[in-house]
Every structure is written in structure tokens, then in C-alpha cells.
Amino acid sequence: MKSAYQILRKPVITEKGLGVKETESTLVFEVAANATKTEIKEAVQKTFKVKVDSIRTANFVGKERRRGKFSGFRPDWKKAYVRLKEGEKMPEYAENL
């Protein structure tokens, strides 16, 4: 069984991610590529002590990147939008931006 920290890699701190957090009470995370919605829900509830309403996930394919004559690929990754239930307190992980 994977721990919560193996499932939740890091929060996605972008303008869109912070806007969704404020307006729709939704958290955005980069998660493990093979994590299921149930595992993500349990990991968020365990880590932040909140109740989760729904989860949406999106898979992103890594792009080709070049440095001069050398080329390679960025890794594939998965993003999860985690909506909290009404009345839940939002965890603060991006205060100093």
C-alpha cells in the first residue's frame, strides 16, 4: 500500500490553480501516474484532515525538449482537481506568493 506522500507529489501552484482554489474550493495536485481517484481521495483526507466531495484527473503527455543539439522528453504526469465539501476549511500551502 502506498503512503499519502507517494500518491500526492506536490501542489500545482499556478494562477489557474490558485484561482480555482479561491473560487471553487478546489485543490490542485500533481499525483502519481498510477494513482486512482479513491487513493487520491484517501490521501487528501488523511494529509489535510478535510472531507473530499469530488475528484477530476487529467493525464499529460511529456513533451520533447531540446538543449542545442541534444533532445529528450519530459516525463508524463497526472494532475488531480480535488473539490472539498461545503464548509471545509481550505488548507494554506501557497500563502507567500
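Is at least one residue of the stretch 69-77 of a type in the set (Lys, Arg) and farther than 19 Å from Tyr93 by Cα?
Taking the stretch 69-77 first, the residues of a type in the set (Lys, Arg) are 69, 74.
Checking the rest, the ones that are also farther than 19 Å from Tyr93 by Cα come to 69, 74.
Yes, the conditions are met somewhere in the stretch 69-77.
One line per residue, one yes/no per condition, for (1) in contact with a strand residue (DSSP E or B) (Cβ under 9 Å, 6 or more places away or on another chain); (2) within 18 Å of Gln6 (Cβ to Cβ); (3) of a type in the set (Lys, Arg):
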site	(1), (2), (3)
Thr47	yes, yes, no
Lys51	yes, no, yes
Arg67	no, no, yes
Lys78	yes, yes, yes
Lys85	yes, no, yes
Met90	yes, no, no
Quick check on Ala80: is it of a type outside the set (Asp, Glu) and modelled with pLDDT of 95 or more? yes
Return the only residue of Thr57, Thr47, Thr36 being out of contact with any helix residue (DSSP H, G or I) (no Cβ under 7 Å at 6 or more places or on another chain), of a type in the set (S, T, N, Q), surrounded by fewer than 17 Cβ atoms within 10 Å (Cβ to Cβ) and at negative phi. Thr36
Working carefully through the options Tyr81, Tyr5, find the one that is among the hydroxyl-bearing types (Ser, Thr, Tyr) and surrounded by 15 or more Cβ atoms within 10 Å (Cβ to Cβ). Tyr81
If I ask for residues that are over 18 Å from Leu84 (Cα atoms) and over 11 Å from the mean Cα position of the chain (by Cα), which ones from the stretch 1-32 would you list? Met1, Lys2, Ser3, Tyr5, Gln6, Thr14, Glu15
Which pairs turn up if I take residues in the stretch 76-95 that are closer than 14 Å to Ile55 by Cα and look for partners that are part of a loop (DSSP other than H, G, I, E, B) and of a type in the set (Gly, Ala, Ser) with beta carbon separation below 9 Å, at least 6 apart in sequence or on another chain? Lys78/Ala32; Lys78/Ala33; Lys78/Ala35; Ala80/Ala35; Arg83/Ser25; Leu84/Ser25; Lys85/Ser25
For the stretch 39-97, enumerate the residues that are closer than 22 Å to Gly19 by Cβ, assigned to a strand (DSSP E or B) and of a type in the set (Gly, Ala, Ser). Ser54, Ala58, Ala80
Pair list, Cβ under 6 Å, 6 or more apart: the stretch 9-26 residue under 21 Å from Glu39 (Cβ atoms) and of a type in the set (Val, Ile, Thr), other residue assigned to a strand (DSSP E or B) and modelled with pLDDT of 90 or more: Val12/Val28; Val12/Glu30; Thr26/Tyr81; Thr26/Arg83
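The values are calculated or read from the model by the stated rules, or taken from the named source; none is laboratory data. All values reported here derive from a predicted model rather than from experimental measurement. Here the Cβ is made from the backbone with ideal geometry for all residues, glycine too, and neighbour counts use every protein chain on show.
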